[in-house]
Amino acid sequence: MTAPNPEKQIPIDAGATRDQQADELFIDGLLGAMHERSSPEASARLEKFTATLAAESSPAPRIAGRRLQRFAGVAIVLVATLVSGWVIVSATANQARATLLASIQAAKNAGERRYEVRISSESTGPLPVRPEAIFDSSGSQFLLRLHAPMGRTAIVGRDLNGEWAIRREGGIERREPRRAWPKWAVADDESIFADTVEHLMEVLTTGFELKILDNELVDGRDMRRIQGTRRPDAPRGQADRVDLWIDPDTMLLERMEMDWTGRPGLRGPVGEQPKPPLGPQGRPPPPPPEGAGRSDGPPPSPPVGPPPGDSPESVRPPPHPRPPVGPPKMGIRRLVITSVAPPEWPAGWFTPEAHLDGSWGE
Amino acid sequence: MSIRSAEENPAEFESLARRHAEMLSAYLRSLLGSSSQVDDLFQEVLVVAWRRFSDYDRMRPFDAWLRGIARFQVLENARKSGHCLACTDPHTLDLLDARYSAFSTLGSQSAFADQVDRLLTCLGALPQTMREVMELAYARGMMLKQIAAALSVEEETVKKRVQRTRSTLADCLRKQGALP
């Protein structure tokens with residue numbers, strides 16, 4: 001792979017808004033393509049692929065003509081070169097990735113969707129009836145409502161004016177809405193929800209070894225099945241295993257299960273959070289020495305102490321030091337995202353004004 | 001849903017690939033910012049699409065499907081090589097994709113190339129200083145340093161001018177209803 005020439009490309013304005021950056025990238029691509037039209041590179045590009053196509057679709061002996069035979073020879077070398085880059089990934093992994101990609105793309109073109117999120121501190125057994133979070137989306141707009149600790153509700157979203165969050169004290173936060181993201185939904189500085197389900201799926205394409213399993217009947221419908229196993233170099237907070245069920249007709253995600261099997265999961269609003277042991281005179285113990293509280297193993301070190309705040313104003317240092325990581329801890333061991341039929345949303349559903357009262361809203 | 005692999009219908013695939021080749025080049029160029037990388041990725045993306053053609057849902061636009069593959073391939077390459085212009089921010093990539101979607105669907109029968117011609121109108125309406133710098137940067141493929149020397153200005157000035165002109169061109173397309 002050739003590295004880009006940093007002197008030739010004129011970078012986009014790093015200080016511009018995302019919209020302006022997208023504009024710049026778009027125009028850069030268009031101008032590049034426009035000026036390439038008459039260049040030999042541009043036409044050679046497609047011809048090179050056509051050669052590959054010819055080699056893959058037709059046996060070489062059937063290709064008539066000397067030039068075409070030579071063409072086919074080149075094509076075979078090309079295909080061999082391209083294929084050699086792929087052998088590191090098994091056919092099933094390719095298929096799984098392709099299915100996942102198709103699903104991500106389908107999600108981007110899909111209309112209104114709703115997913116319910118249920119979490120459990122047990123690896124097996126029934127899931128709670130009440131969803132811990134509800135994720136609504138329509139085009140680029142989304143709304144994420146979560147039951148936060150202490151009986152509160154965290155509400156964040158994106159409307160046509162950008163991302164927002166409802167402050168715990170009330171009011172709309174548009175400047176730094178990400179700080180209002182519930183901490184339990186964040187693993188290793190990465191939101192386990194990302195901000196759309198398809199972004200979460202994109203994470204899977206890089207952090208997990210994927211394989212396609214046999215189709216499975218879910219509610220009488222035949223679903224494609226993909227299973228992902230966390231790669232050793234993936235962020236520590238990622239789930240150990242992820243299972244996905246994808247509707248082959250719509251290519252949309254129907255269900256996703258994330259398992260933190262065999263290690264303490266993410267801290268979540270489920271269960272009682274363990275209090276740090278008290279030290280002498282009933283005071284919290286001194287902080288652990290440098291390096292303590294960490295292990296080479298996969299368990300993340302979730303924050304302890306009072307539940308983390310859900311608003312920018314509530315961000316404050318924890319009153320207790322972090323205890324060493326060690327079993328047992330309560331936390332999320334299983335997180336299940338299920339697609340449900342979206343209700344008819346009232347106008348302005350994705351705007352913060354519709355959720356200013358901080359209630360679940362339905 | 002009709003599921004056919006590219007092997008079963010190479011003509012259909014080739015026709016779609018040809019129709020969207022310029023869009024794919026432009027999209028890759030947007031993501032990579034370098035023509036040399038576009039060459040490599042262009043082949044990779046089409047070969048992946050060819051092999052996965054049976055996964056393509058014909059109810060969905062082919063160009064969007066192709067961009068999905070392209071985006072993934074670019075991200076994969078970026079992960080391995082550490083080079084990527086825009087892959088650090090998925091939101092920006094989403095916004096970029098939305099622009100390509102809007103642009104590609106402007107005229108259902110029009111080729112992407114025809115749509116690109118709208119840009120010519122916008123280029124023609126630019127002030128002289130902006131048109132000049134874009135000519136040097138894109139049509140003549142000059143480096144930042146060379147452009148600065150040619151125009152007798154600082155490199156930073158060239159950079160800002162190009163950035164501002166790109167935004168101006170986007171606004172021009174937007175006024176034509178070609179961008180969201």
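If packing is taken as the mean number of other Cβ atoms within 10 Å per residue, what is the order of A:238-245, B:67-74, B:143-150, highest first? Can you show the working numbers first?
On the way: A:238-245: 21.4, B:67-74: 24.4, B:143-150: 17.0.
Top of the packing list down: B:67-74, A:238-245, B:143-150.
When the Karplus curve 6.51 cos²θ - 1.76 cosθ + 1.60 is applied with θ = phi - 60°, which whole-Hz ³J(HN,Hα) does each residue of the stretch A:159-171 get, with x for Gly and Pro?
Working through the residues one at a time gives 10, 5, 9, x, 6, 8, 8, 8, 5, 4, 7, x, x Hz.
Which of the three applies to the stretch B:11-83, rounded, prolate or oblate, going by the alpha-carbon gyration tensor with a ≥ b ≥ c and a/c under 1.5 meaning rounded?
prolate
Is the C-alpha gyration tensor of the stretch A:105-177 telling us rounded, prolate or oblate? Criteria: a/c under 1.5 is rounded; beyond that, a/b larger than b/c is prolate, otherwise oblate.
oblate
Residue A:338: accessible area at probe 1.4 Å, nearest 10 Å²?
The accessible area comes out at roughly 40 Å².
Need one value: the accessible area of residue A:218 in square angstrom, 1.4 angstrom probe, rounded to the nearest 10.
40 Å²
Nearest 0.05, what FRET efficiency do residue A:16 and residue A:124 give at R0 = 56 Å with Cβ-Cβ as r? Display every interim value, and only then the final one.
Details: r = 49 Å, r/R0 = 0.88.
After rounding to 0.05, the efficiency reads 0.70.
Please list A:211, B:175 in order of solvent-accessible area, largest first, computed with a 1.4 Å probe with all protein chains present.
Output order, biggest surface exposure first: B:175, A:211.
To the nearest 20 debye, what is the magnitude of the charge dipole of the stretch B:30-70 about its Cα centre, counting +1 on the Cβ of each Lys and Arg and -1 on the Cβ of each Asp and Glu? Present the calculation step by step, with values, prior to reporting the outcome.
Working: 5 positive and 6 negative charges, 41 e Å.
Here the stretch B:30-70 has a charge dipole of around 200 debye.
Evaluate peptide B:41-53: per residue, the Cβ atoms of other protein chains within 10 Å of its Cβ; return the mean as an integer. The partial results should precede the final answer.
On the way: counts 1, 6, 8, 5, 1, 7, 10, 6, 2, 5, 8, 7, 1.
Rounded to a whole number, the mean comes out at 5.
Which net charge results for the neighbourhood of residue A:241, defined as the other residues with beta-carbon distances under 9 angstrom from its beta-carbon, given Lys and Arg at +1 and Asp and Glu at -1?
That works out to -3.
By average Cβ neighbour count within 10 Å, what is the ranking of A:340-347, A:171-178 from highest down?
Averaged packing, sorted descending, gives the order A:171-178, A:340-347.
Rolling a 1.4 angstrom probe over the protein chains, ignoring ligands and nucleic acids, what is the accessible area of residue B:91 in square angstrom, nearest 10?
My reading of the accessible area for residue B:91 is about 20 Å².
Let me confirm one metric for peptide A:99-107, namely the mean number of other chain beta-carbon atoms within 10 Å of its residues' beta-carbons.
On the way: counts 2, 3, 9, 8, 2, 3, 14, 6, 1.
Per-residue shielding by partner chains comes out at 5.
The values are calculated or read from the model by the stated rules, or taken from the named source; none is laboratory data. What you are looking at is a predicted structure, and each value in this text was computed from that prediction instead of being measured. Don't worry about glycine lacking a Cβ; one is built from the backbone with ideal geometry, like all the others, and counts go over all protein chains shown. Ligands, DNA and RNA are excluded from the accessible area calculation, which covers all protein heavy atoms including side chains. Shrake-Rupley method; radii C 1.70, N 1.55, O 1.52, S 1.80 Å.
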